[in-house]
Amino acid sequence: MKRFYLLLTILCVISISNLSAKTIQTYLPASSDADKRAQEVIKSVELQIQILVDELPIESNLQIKYGAKEGPFFDPELMEVHIPYEFVTEVLTRFKKDNYQETSVSPIEATQDAILHTLGHEYGHAFIFANQVVVLGKEEDAADTLATLLLIHSFENGTDIALSAADLFSLEDGDIDEFDDDHFWDEHSLDAQRYFSTLCLIYGSDPEKYADIIPKEQLSIERDLYCEEEYFRQTANWDRLKERYSILPNKS
């Protein structure tokens, strides 16, 4: 009987180990007080991050490195997501300067939300690469959509989390005085486009709750109806992704 329980315990440990090995979160040393603060903010949403990466499994091990020198970005050769502490500090500073607490969401909470969306975005790249998902069009747009759907379907307040992330796009767009060719050649859509695309999915997920986030000009051309259709279309795609990749073949 003791051997049975010992064997059962070993099997459980192996199972848990295999699951946790899929995505490893690593914190590089914090070299300043600002970095330490950024590290604390990331750690405060560590459990939510794990929920996000568990929602859609990938076929390769992935490492998330916090405190990297550059980023945020996904490195397909190393299978790593890099998130600099400086990025977190910059996001927190933006929300503080904008007096974001007036929205009833504190700058710290908004930064936590933005981190979740950013990680969802970079994890989306890793998911697309590792599972060889076919994407027609900009992969950056697909990763944005995936990040927003991850939030909406993973958390009860996922739409509110995504709303803070959308507001960050709006703040970044406000930093641009004029557009040049580099903006249009960039692999990402314009921040304003990313803002409205995210708002569209949020509205479509609950038109009654978010009735006020669609501008009147867009209502006049029935953009609200498009957003509802877009949300249901993308949710159907989401369901197909989950059905196809929720159980991955064991490659050991």
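For the range 23-245, compute Rh as the Kirkwood radius over C-alpha pairs and then the Stokes-Einstein diffusion coefficient at 10 °C and 1.306 mPa s; write the answer in µm²/s, rounded to an integer. The calculation lands on 88 µm²/s.
Computed extension gain for Lys209 through Thr103, at 0.36 nm per residue and net of the alpha carbon distance, reaches 36.6 nm. When the pairs Lys22/Lys96; Lys36/Lys65; Lys36/Lys209; Lys138/Lys242 are compared against a 25 Å limit on Cα-Cα distance, Lys22/Lys96; Lys36/Lys209 fall above it. Looking at the range 41-123, the trypsin sites (Lys or Arg not before Pro) that sit in a DSSP loop and have at most 15 other Cβ atoms within 10 Å of their own Cβ are Lys69.
Would you pull out the residues with amide H under 5 Å of Phe73's amide H, same chain only if 5 or more places away, H placed 1.01 Å from N? Here the answer is His82, since their amide H atoms fall under 5 Å of that of Phe73.
If you add up the charges near Asp113, with Lys and Arg at +1 and Asp and Glu at -1, over every other residue whose beta carbon is less than 12 angstrom from its beta carbon, what do you get? Around Asp113, the charge tally is -3.
Taken together, the values in this text are just the output of simple stated rules run on the coordinates, not laboratory data. Computed from a predicted structure; not experimentally measured. Heads up, the Cβs are rebuilt from the backbone with ideal geometry, glycines too, and the neighbour counts pull from every protein chain shown.
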